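Engineer: Got a structure for you, written out below as structure tokens; questions coming shortly.
Since every read-out is calculated from the coordinates, none of them should be taken as a lab result. These numbers come from a predicted model, not from an experiment. Cβ placement follows ideal geometry from the backbone for every residue including glycine, while neighbour counts extend to all protein chains displayed.
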Amino acid sequence: MSSKTIIHNVDPGPWGKPKGSGGGSGNGGGGWTPKGGPKGSPQGNDMEDLLRDLKQHFNNLFGGHNNNRGLIVAFIVFFLLWLASGIYQLQPGEQSVVLRFGKFDRIATSGLHYHLPTPFESVNVINSEAIRMETLGGDTMASRNLSLGTGDEGILMLTGDENIINLSFNVQWKVRDAKAFVFNIPDPEQTVRAVTESAMREIIGRTTIESALTEGKSKVQEDTRKLTQDTLDNYKAGIQILQVNLLDASFPQAVVDAARDVQAARADQERARNEAEAYSNDILPRARGQATRIIQEAEAYKQEVVAKAEGDAARFISVYDQYKQAQDVTRKRIYLETMEKILAGTNKIILDSKSGVVPYLPLPEVKNHKEEQ
């Protein structure tokens, strides 16, 4: 009952009289009468009657009897739709930069939001959590337009040792500052590509080709990422560089054969160096061992000679002390000891000169004969 009463009491507003009325006569000069009863007194609570009355009312509005009324209703509907166009929803991870008359006004995060419809406000929706990737290198139009030179597989760059290398790489990035991302750079993707390639050329220009092709790849990637990030920060681009990946690093096709020869020569050089080091590792320890042994023997001989000399000196001093106390006895004892040492290993024949006869006895032969027996 209450819903029919509300519809009944709505002011018809500026669209004037209902169908069939004229000049204030008829059904009250501005209201409308639901089917089945006079104005202001609808009968029953039947929903079907209410819907039928609404349908009849709109048929009257657009029935051609009052063109001004239809235009006004159409305008109101359009106005309401225009107002409703400012409703928008942001998903998790999304941000919107709202511009009012082209000037920054605010930033909105995930959820349901409203902005004044065009031309008062406009919205730029940015996914700040999405990881974006730009690939550089290969036979692509973007590479041709951006690079100073491209090969069949990548971008040609000059290394620090004046060699040419063929590179393919990609850069992963995301939006860090939505406001700066919208206002400070006109073409973010192209800017990231240009800055990354410039940084890669600078880093490769400091690196030898052997390092770039082998163990130096990780350092090249990290240095390029840092240099790219620093450059974009100077531009206030609002972009965060997550990673730079070297997809391929090789010699250009035109010099592949020569490069293979160089690699083979380097392999031979490395093999010869390893053989020389192996020989050095074999001979040097032995030489060091012999030198150590000789030094130890010399040290032992030194200690022996010194000890013997010190013993001889001590013995001489002892004999000298005895000689001072008893010179004749000491002299004779020294003489006997010396003769004992001299004659100890010789054959001796004793002659008695007092008898006057010097018999010859072959004592050495007798001695040897006895020893043989």
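Engineer: With only Lys, Arg, Asp and Glu charged, each at its Cβ (+1 for the first two, -1 for the last two), find how big the charge dipole of segment 132-250 is about the Cα centre; round to the nearest 20 debye.
Structural biologist: Working: 13 positive and 18 negative charges, 117 e Å.
That gives segment 132-250 a dipole magnitude of about 560 debye.
Engineer: If you don't mind, there's one more thing I want to ask. Given R₀ = 45 Å, FRET efficiency for Val77-Glu48 by Cβ-Cβ distance, to 0.05?
Structural biologist: 0.95
Engineer: Normalising by the residue count of segment 218-331, find the relative contact order in percent from Cα pairs under 8 Å and 6+ residues apart.
Structural biologist: Details: 24 pairs, mean separation 14.2, N = 114.
Dividing the mean separation by the residue count of segment 218-331 yields 12 percent.
Engineer: Okay, moving on. Treating the beta-carbon of each Lys and Arg as +1 and of each Asp and Glu as -1, no other charges, what is the dipole magnitude of segment 276-335 about its Cα centre, to the nearest 20 debye?
Structural biologist: The calculated dipole for segment 276-335 is roughly 400 debye.
Engineer: Now for a different question. Counting only C-alpha contacts under 8 Å and six or more residues apart, can you give the relative contact order of segment 87-127 as a whole percent?
Structural biologist: Value for segment 87-127: 48 percent.
Engineer: A follow-up question, please. If I model a spin label as a point 7 Å beyond the Cα along the Cα-Cβ vector, how far apart are those points for Gln243 and Val306 in nm?
Structural biologist: 6.9 nm
Engineer: In addition: Give the relative contact order (percent, whole number) for segment 132-250; include only Cα pairs under 8 Å separated by 6+ residues. All intermediate terms of the calculation are to be shown ahead of the outcome.
Structural biologist: Numbers: 213 pairs, mean separation 39.2, N = 119.
After rounding, I find 33 percent.
Engineer: Want the number for Glu210 to Gln290: 0.36 nm per residue separation, take away the alpha-carbon distance, what's left?
Structural biologist: Details: separation 80, 0.36 × 80 = 28.80 nm, distance 4.14 nm.
In short, 24.7 nm is gained.
Engineer: Percent of Cα-Cα pairs per 10 Å bin, from 0 to the last occupied bin, for segment 87-127, please list those.
Structural biologist: With a bin width of 10 Å, the distribution comes to 34, 56, 10.
Engineer: Let me ask something additional. Quick check on the exposure proxy: order Met157, Met133 from fewest to most C-beta atoms within 10 angstrom. Mind dumping the intermediate values first?
Structural biologist: On the way: Met157 25, Met133 13.
Going from least to most buried by this count: Met133, Met157.
Engineer: Separate question: What is the calculated FRET efficiency for Ser128 to Gln190, with r their C-beta to C-beta distance and R₀ = 25 Å, to the nearest 0.05?
Structural biologist: Efficiency for this residue pair is about 0.80.
Engineer: When the dipole is taken about the Cα centre of segment 233-324, and only Lys, Arg (+1) and Asp, Glu (-1) are charged at their Cβ, what size is it in debye, to the nearest 20? If you can, show how the numbers build up before the last one.
Structural biologist: Working: 12 positive and 15 negative charges, 62 e Å.
About 300 debye.
Engineer: Calculate, for Asn170 and Arg100, the FRET efficiency according to 1/(1 + (r/R0)^6) with r their C-beta to C-beta distance and R0 35 Å; round to the nearest 0.05.
Structural biologist: Computed FRET efficiency for Asn170 and Arg100 comes out at 0.40.
Engineer: Find which of Thr338, Thr224, Ala300 sits farthest along the positive direction of the dipole of segment 221-349, computed with +1 on the beta-carbon of Lys and Arg, -1 on that of Asp and Glu, about the Cα centre.
Structural biologist: About the Cα centre, the residue reaching furthest to the positive side is Thr338.
Engineer: Classify segment 177-309: rounded, prolate or oblate, from the alpha-carbon gyration tensor (a ≥ b ≥ c, eigenvalue square roots; a/c under 1.5 rounded; otherwise prolate if a/b is larger than b/c)?
Structural biologist: Details: a/c = 7.34, a/b = 2.53, b/c = 2.91.
Oblate, because a/c is 1.5 or more while a/b does not exceed b/c.
Engineer: Fully extended, how many nm does the chain gain between Arg271 and Thr330 (0.36 nm per residue separation, minus their Cα-Cα distance)?
Structural biologist: Fully extending the segment from Arg271 to Thr330 adds 13.5 nm.
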